[in-house]
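Notes to accompany the following structure.
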Amino acid sequence: MHILRLVTLTLAAALAAPAIAAAQAPPKTGLTMGYPESIGMIWHASDRFALKPEVTLSGSSTDSGGSSDSWNVGVAVTALIYVHTYDQLRTYIAPRFDYGHSSTSVTLTSQGSATSTSLSRHGTGVTGSFGAEYTLGSHFGLFGEAGVNVTHSTIPSVNGNSATGNAWGTRTAVGVILYP
């Protein structure tokens, strides 16, 4: 009788385990990798709101009749406001703010003399996008966004005057989300 109770209790626990595992909440944070080149994370504050901070880094170097070195660094944060859910597909609107800095140094060599020039630029931008996120499983998802971007750039000069400019255009992004 005692063994029958133990077997019944063990069997009931084994049958209930998948139901308990299925009832777990989805992950709140994940790693994002996207194009244009960015690495970041996503943090789901609630079912309707998430934040996605990102970092971008790039650099290049050439050597042909002189040398040129450049690097770029940028940070951005996107707020995802989910508007509808269709099974595993969730649509959202996404305001985004970004900041970027780039620096280029060029040295030209001609007849034994070298001339160097450096140029840096920094800019800020805002984007309004519509996007979709599709969850393929509990640890993997895809996202895509399309929207309009407005940027303001400043190029400081050596003599104290700086050049500024504004630009606008479309912005698209695609990527993957990995949940631990």
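Put a plus charge on the Cβ of each Lys and Arg, a minus charge on the Cβ of each Asp and Glu, and nothing anywhere else: the dipole of the stretch 34-171 about its Cα centre is then about 260 debye. The distance between label points at THR109 and ALA167 comes to 3.2 nm (points 7 Å beyond Cα on the Cα→Cβ vector). Based on the alpha-carbon gyration tensor of the stretch 26-178 and its eigenvalue square roots a ≥ b ≥ c, which shape applies: rounded if a/c is under 1.5, prolate if not and a/b is larger than b/c, or oblate? Cα axes put the stretch 26-178 in the prolate bin. Available extension along the chain between TYR35 and PHE97 is 20.7 nm, counting 0.36 nm per residue and deducting the alpha carbon span.
Spin-label pair SER64-HIS152: with each label point 7 Å from Cα along the Cα-Cβ axis, the two points sit 3.8 nm from one another.
Remark: the ALA45-LYS28 segment gains 5.4 nm on full extension, using 0.36 nm per residue and subtracting the alpha carbon distance.
Round to the nearest 0.05 the FRET efficiency obtained for VAL176 and THR117 when R0 = 35 Å and r is the Cβ-Cβ distance. All intermediate terms of the calculation are to be shown ahead of the outcome.
Details: r = 40 Å, r/R0 = 1.13.
Once the sixth-power term is evaluated, E becomes 0.30.
Each value in this text was obtained by applying a stated rule to the coordinates, not by laboratory testing. This one's a predicted model, so the numbers in the text were calculated from it and none came from an experiment. Reconstructed Cβ throughout: ideal geometry from the backbone, glycine too, with neighbour counts over all protein chains shown.
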